[in-house]
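Structure first, then comments.
The values are calculated or read from the model by the stated rules, or taken from the named source; none is laboratory data. Not measured: the values here are computed from a predicted model. With ideal geometry, Cβ positions are generated from the backbone for all residues, glycine too; neighbour counts draw on all protein chains shown. Each accessible area value is taken on the protein alone, full model and side chains, heavy atoms only, with ligands, DNA and RNA left out. Shrake-Rupley method; radii C 1.70, N 1.55, O 1.52, S 1.80 Å.
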Amino acid sequence: MKLKNSYFYTLRESPKDEESASGILLTRAGFIKKTSAGDYMFLPLGFKVKSNIENIVREEMNNIDCQELCMPCLLPEDVYVASGRRANFGSSMFSLKDRSGKPMVLGPTHEELFAIAGGMKIKSYKDLPFSLYQIQTKFRDEARPRFGLIRVKEFVMKDAYTFDTDLQGLDVAYEKMFKAYHRIFDRLHVNYKVVRADTGVMGGLLSEEFQAISPIGEDTLVLCDKCHFSSNIEVAKHVCLDEDDEEEKQLQLVETPEVKTIDEVCQYLHLPTEKSVKALMMNIDGKLVIIFIRGNRELNESKVLKLLNGKELNFANDELIATSNAVAGFTGPIGLNATIVIDEEVLKMHNFVVGANKKNYHYINVNPKDFRYDYVGDIVNVQENDKCPNCGGNLYFQKGIEVGNTFKLGTKYSQAMNLYYQDKGGKLQPVYMGSYGIGIGRIMAAIAEQSHDDKGLIWPINVAPYKVCIVVINANDQQQLSLADKIYETLNAAGIEPLMDDRQERPGVKFKDMELIGIPMRITVGRDAVNDQVEFILRTDENKEIITSEQAIEKVINLCKEN
């Protein structure tokens, strides 16, 4: 593409409504333009990067014989009702009605539709296995869109689905897809970790996430300093320390006037927070549940919901709290008339402090024998330097952007959507499904987050909108234009589409623009064109080479082949 008569612009100032490096740089470089919160245009340069990412994904899906199709975005609401997921999505699903009044939605994900498509083929065990995928737009009404393309309301996803007769077949299909995902993210030059994750609204038997490492990531990744353990904090198991060997003391009621928080109570009683147990009064599916964890721990909501088989968790309001004898700021498990959930770590503690369900009073020297409870389990977040559940090493955290996920769905959707096959004995059996997603826009943003400097974006060669730019120093100089045209045409003939900056702009402006948009290689055609000499430089290098045009062309071709 030649810039002189093309749609191309850059911004010198950072946009005020973008807070992430990727959002700022992609906007400044003219790749994307926000139309509203969580909604973006992909402009020509951005569309090319998006297409390059899609092509790599498509190649790897096709290489494992996964067939591409395309599902509609506008769907009848009743397919999500049939699968039992309509309530789970709640207000995050865009809803509307057609002119006849039929409830419709914009698809947030397509498991139900793929189950329907699978049913068109599947009658017998002989029809399995197979896999399908699409690269399609999804819609979710995010409460807080942020960080450019990382959390949006409309996004493009590659979602694939495998169909098998049994769990063993699903395991084979899952491993095949899992390896393809590794190849995809390796080819995209993403720095990533694979972690165990919560199955969430997707449900199923197993979920793993491909997380691009980034300080602005919304997910906390839990890693071990000794082994390959990796997990999302949502499902990371907390390994309790050995039971406290302190001799049990006599339970005692003490006055604690106007001290309510754990820090205030412990400071008043001259105790470390590790010797306290705090109460969290929660509304779980409309019922009051009071949860007790060690004072310096954080509640893990996903673990609690799994333990109680719950769907929604919020803080309880005063009306709900009033159904018990709990006293805000002074709630404890002793004599409490409510559903009590306790973290398993508390059972190993001795002589700790809890609220007394009486204003301005706490109990000290409390032990597990002093109270009852209804549920016990691992319900807290791990902390850095906790012990690894695999090897006993120390855990540490990194932040990640989820760019891909894989699910072993099992028979959840096939049973809900009546997807069965006839086995060898003539008996109907549910199909085993797997689901595998990749966020195209998120990958684009993740690469931008990981690969940029103070000059602008730095794209990998196989992702960049153009592999090489040809900068003409003086667009009025016919010799410079002729040599630039020769290089341009030769590279085009070799299957490498270059970007040629033939604008009537100062050289400094052209160089800054090419650095901002992140083109991997630059060939500068200037006054030495008369001697067939050009300047060659990599975006990631400070060293310039003065070489012939043929040598420059050869360098570009070889580097493209290598990448």
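Brief remarks follow.
- Distance from the stretch 318-344 to the stretch 241-284 (C-alpha centre basis), Å: 15
- With every protein chain in place, the stretch 9-168: carbon and sulfur % of accessible area (1.4 Å): 53
- Carbon and sulfur %, accessible surface of the stretch 303-435 computed with the full protein complex present, 1.4 Å: 44
- Å² per residue, accessible surface of the chain at 1.4 Å: 46
- Whole-number percent relative contact order across the stretch 1-107, with pairs defined as alpha carbons under 8 Å at least 6 apart: 15
- Label of the coordinate-derived value, log10 I(q)/I(0) by the Debye sum over Cα atoms at q = 0.05, 0.12 Å⁻¹, listed as (i) -0.23, -1.16; (ii) -0.40, -1.24; (iii) -0.30, -1.18: (iii)
- Listed by chain and number, the aspartates and glutamates placed with their C-alpha closer than 18 angstrom to that of LYS226 are GLU384, ASP386; residues fewer than eight positions away on the same chain are left out.
- Ranked by how many other beta carbons lie within 10 Å on average, peptides 93-101, 220-228, 272-280 from highest: 272-280, 220-228, 93-101
- Charge context of MET71, other residues only, Cβ under 14 angstrom, K/R +1, D/E -1: -2
- Global form of the stretch 54-174, assessed from the alpha-carbon gyration tensor, a/c cut-off 1.5: oblate
- Backbone geometry of the stretch 126-137 corresponds, through the Karplus equation with coefficients 6.51, -1.76 and 1.60 at θ = phi - 60°, to 3J(HN,Hα) couplings of 5, 8, 10, x, 7, 9, 10, 8, 9, 10, 9, 7 Hz, x marking Gly and Pro.
- Pairs over the 26 Å Cα-Cα cut-off, from the set LYS179/LYS399; LYS48/LYS561; LYS260/LYS369; LYS275/LYS358; LYS48/LYS510: not a single one.
- Taking the chain as a whole, the Cys residues whose C-beta sits 4.7 Å or farther from every other Cys C-beta are CYS66, CYS70, CYS73, CYS240, CYS266, CYS469, CYS560.
- Label-point gap, in nm, between GLU218 and LEU428 - each point 7 angstrom along Cα→Cβ: 4.0
- Positive-end residue of ASN476, SER214, GLY169, charge dipole of the chain with Cβ unit charges: ASN476
- In this Cβ point-charge picture (+1 for Lys and Arg, -1 for Asp and Glu), the chain has a dipole of about 1480 debye about its Cα centre.
- Spin-label model distance (nm) - SER51 vs PHE315, 7 Å beyond Cα toward Cβ: 5.0
- Spatial separation of Cα centroids for the stretch 7-54 and the stretch 64-81, in angstrom: 28
- Distance between the stretch 489-548 and the stretch 138-209 - C-alpha centres, whole angstrom: 38
- Within the shell defined by Cβ-Cβ distances under 10 Å, the residues around VAL382 carry a net charge of -1, with Lys and Arg each +1 and Asp and Glu each -1.
- Carbon + sulfur, % of accessible area of the stretch 174-297 - ligands and nucleic acids excluded, 1.4 Å: 48
- Taking Cα centre as origin and charging only the Cβ of basic (Lys, Arg, +1) and acidic (Asp, Glu, -1) residues, the dipole magnitude of the stretch 439-517 rounds to 100 debye.
- Estimated FRET transfer efficiency when R0 is 60 angstrom, pair ASP98-TYR268 (beta carbons, to 0.05): 0.45
- For GLU209, net neighbour charge (Lys/Arg +1, Asp/Glu -1) across residues whose Cβ lies under 14 Å away: -1
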